[in-house]
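*Asks:* What follows is a structure written as structure tokens; I'll ask about it next.
The values are calculated or read from the model by the stated rules, or taken from the named source; none is laboratory data. From a predicted model like this one, the values you see are computed outputs, not experimental measurements. In this analysis, Cβ positions are derived from the backbone assuming ideal geometry, glycine residues included, and neighbour counts consider all displayed protein chains. Please note that ligands, DNA and RNA were not included when accessible areas were found on the heavy atoms of the full protein model with its side chains. Shrake-Rupley method; radii C 1.70, N 1.55, O 1.52, S 1.80 Å.
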Amino acid sequence: MDDFLLVGRIARAHGNRGQVIVNLDTDFPEARFAVGQVVHVELAGTSQVRKIESVRFHQGRPVIALEGIGSMNAAEALAGAELKVPAADVAPLPAGTFYHHDLVGCEVRDRAEHVIGRVTGVEGTMERSRLVVEGPSGRDVLIPMVAEICVKVDPASRVIVVDPPEGLLDLN
């Protein structure tokens, strides 16, 4: 499943008609969770292809109905499932923006080429993203994903160069 990208995780069942609440792992929830979209539902080593039959948003999270899931019991069985889409279906982004999967695994260095660590995750919305960087001591460092701090982002080379303000790396 390396050619698939995580867009959400099923949190739990919602109601008694087979709907589920999704915790998002995408900056484009309206596009990824629209009626008619197809998602790959992965749970316990299995994968099923399901079409989204209905969707509404509640407190920023999608509540969706998946094709073939019509009862609360069937929906409850999906708790924890990962929802993925084919990487080939992902549209290009505007300059200066990046998909999370392009950043995870990148090495983070300062301008003097000292290694700070490796990106293990990206938190927040597109407008307020933070890189989660595992430092050499094993502790996480949070670095705001803004042009003034992340001065060079090169996912192809798997390198991000940062110019952090004094004390930022010590805050975490």
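*Asks:* On the basis of being farther than 21 Å from GLY121 by Cβ, of a type in the set (D, E, K, R) and assigned to a loop (DSSP other than H, G, I, E, B), does ARG17 make the cut?
*Replies:* Judged against the criteria, ARG17 is a match.
*Asks:* Tell me whether region 89-99 contains one or more residues that are among the aliphatic types (A, V, I, L, M) and not in a loop (DSSP other than H, G, I, E, B).
*Replies:* No: region 89-99 contains no residue that is among the aliphatic types (A, V, I, L, M) and not in a loop (DSSP other than H, G, I, E, B).
*Asks:* Taking into account only those residues within region 27-45 that are closer than 21 Å to ALA88 by Cα and over 19 Å from the mean Cα position of the chain (by Cα), which is least open to solvent (accessible area, probe 1.4 Å)?
*Replies:* GLY36
*Asks:* Kindly indicate the residue of region 72-102 that is out of contact with any strand residue (DSSP E or B) (no Cβ under 7 Å at 6 or more places or on another chain) and at pLDDT 85 or above and also surrounded by the most Cβ atoms within 10 Å (Cβ to Cβ) among those meeting that condition.
*Replies:* Among those residues, the one meeting the criterion is ASP102.
*Asks:* Being open to solvent by less than 30 Å² (accessible area, probe 1.4 Å), at pLDDT 90 or above and part of a loop (DSSP other than H, G, I, E, B) narrows it down to one of GLY117, GLY105, so name that one.
*Replies:* Answer to the selection: GLY105.
*Asks:* I'd like the full set of residues that are among the β-branched types (Val, Ile, Thr) and in contact with an Asp or Glu (Cβ under 8 Å, 6 or more places away or on another chain), limited to region 65-116.
*Replies:* Answer for region 65-116, where residues must be among the β-branched types (Val, Ile, Thr) and in contact with an Asp or Glu (Cβ under 8 Å, 6 or more places away or on another chain): VAL115, ILE116.
*Asks:* Residues to consider are GLU76, GLU82, GLU107; find the one that is among the acidic types (Asp, Glu) and under 15 Å from the mean Cα position of the chain (by Cα).
*Replies:* Among GLU76, GLU82, GLU107, only GLU82 is among the acidic types (Asp, Glu) and under 15 Å from the mean Cα position of the chain (by Cα).
Yes or no, residue by residue, for (1) part of a loop (DSSP other than H, G, I, E, B); (2) modelled with pLDDT of 95 or more; (3) within 25 Å of GLY121 (Cα to Cα):
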| site | (1), (2), (3) |
| --- | --- |
| LEU6 | no, no, yes |
| ARG12 | no, yes, yes |
| VAL22 | no, yes, yes |
| GLY36 | yes, yes, no |
| GLU42 | no, yes, yes |
| VAL49 | no, yes, no |
| ILE52 | no, yes, no |
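*Asks:* Follow-up. Just name the residue that is most open to solvent (accessible area, probe 1.4 Å) out of those in region 126-172 that are in a loop (DSSP other than H, G, I, E, B) and without any contact (Cβ under 8 Å) to a residue 12 or more places away in the chain.
*Replies:* Top of the filtered list is GLU166.
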